[in-house]
Each structure stands twice: as structure tokens, then as C-alpha cells.
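Working notes, structure below.
The values are calculated or read from the model by the stated rules, or taken from the named source; none is laboratory data. This one's a predicted model, so the numbers in the text were calculated from it and none came from an experiment. Backbone-built Cβ (ideal geometry, glycine too); neighbour counts: all protein chains shown. In case anyone asks, the SASA skips ligands and DNA or RNA and just uses the protein heavy atoms, side chains included. Shrake-Rupley method; radii C 1.70, N 1.55, O 1.52, S 1.80 Å.
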Amino acid sequence: MSEIKDGGCAFPFVDGFNQPSPGMTLRDYFAAKALVGICHFWVQARTEVSTIADPNPKIVAEMAYEFADAMLEAREL
């Protein structure tokens, strides 16, 4: 299995005890942003077509990381 490219630290910081903390990865940050868009799309679709079933959270989360991986890959171009 290949190593996941996470893009490094998105928001590194020093905590209250002067200890460095890497914060979240850029991949996690991108996935969180993608998740908002995916959920918004689903809510919009749900209001327009009442027969759409509730999404599977695991599939939605996996989709968010697929978008994040694509964004990381696009940064390398």
C-alpha cells in the first residue's frame, strides 16, 4: 500500500506550553472543505427531489477525501 500524501501541516502552531504542534494536515483541511460542499449539494438536491435517500456518512467521508486527494494532486501540476 502506498503512503498517503497529506500535503504537510496546514496550520502548525506553538501551544500554551511552548511545544510545537503540527495541527491538521492539508489533506484533512481540504477534505473538511470538500465535505461542506458535498453536504450542501445533498441538502439542495434533497429539497428539490424529496425521494432522495439519506446519504451514507462513510461514503460521503470517503468522497470528501477523494476530492482532497485530487486537490493535492492538482497542486503538483
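Measure nothing but the geometry: give the 0 to 90° angle between the long axis through the Cα atoms of 57-75 and the longest principal axis through the Cα atoms of the chain, rounded to 10°.
60
Could you give me the percent of Cα pairs per 10 Å distance bin for segment 23-77, shortest bin first, beginning at zero and ending with the bin that holds the maximum distance?
24, 44, 24, 8, 0
Provide the per residue accessible area, probe 1.4 Å, for segment 1-74, rounded to a whole number of square angstrom.
Result: 77 Å² per residue.
Roughly how many percent of the accessible protein surface of the chain is carbon and sulfur, given a 1.4 Å probe and a whole-percent answer? Mind dumping the intermediate values first?
Working: 3870 of 6170 Å².
Ligands and nucleic acids excluded, carbon and sulfur give 63 percent.
Convert each backbone phi in segment 19-31 into a coupling constant with the Karplus relation 6.51 cos²θ - 1.76 cosθ + 1.60 (shift: θ = phi - 60°), then list the ³J(HN,Hα) values in order as whole Hz, x for Gly and Pro.
Running phi through 6.51 cos²θ - 1.76 cosθ + 1.60 with θ = phi - 60° gives 9, x, 10, x, x, 7, 7, 4, 4, 5, 4, 4, 4 Hz.
In the chain, with Lys and Arg counted as +1 and Asp and Glu as -1 at Cβ, which of these residues, MET24, PHE41, MET71, has the Cα nearest the positive end of the dipole, that is, farthest along it?
Checked the options; the winner is PHE41.
Using only the alpha carbon atoms of segment 1-53, find the Kirkwood hydrodynamic radius as the inverse mean reciprocal pair distance, in angstroms to one decimal.
Result for segment 1-53, one decimal place: 13.8 Å.
Magnitude of the Cβ-charge dipole of the chain, K/R +1 and D/E -1, about the Cα centre, nearest 20 debye?
160
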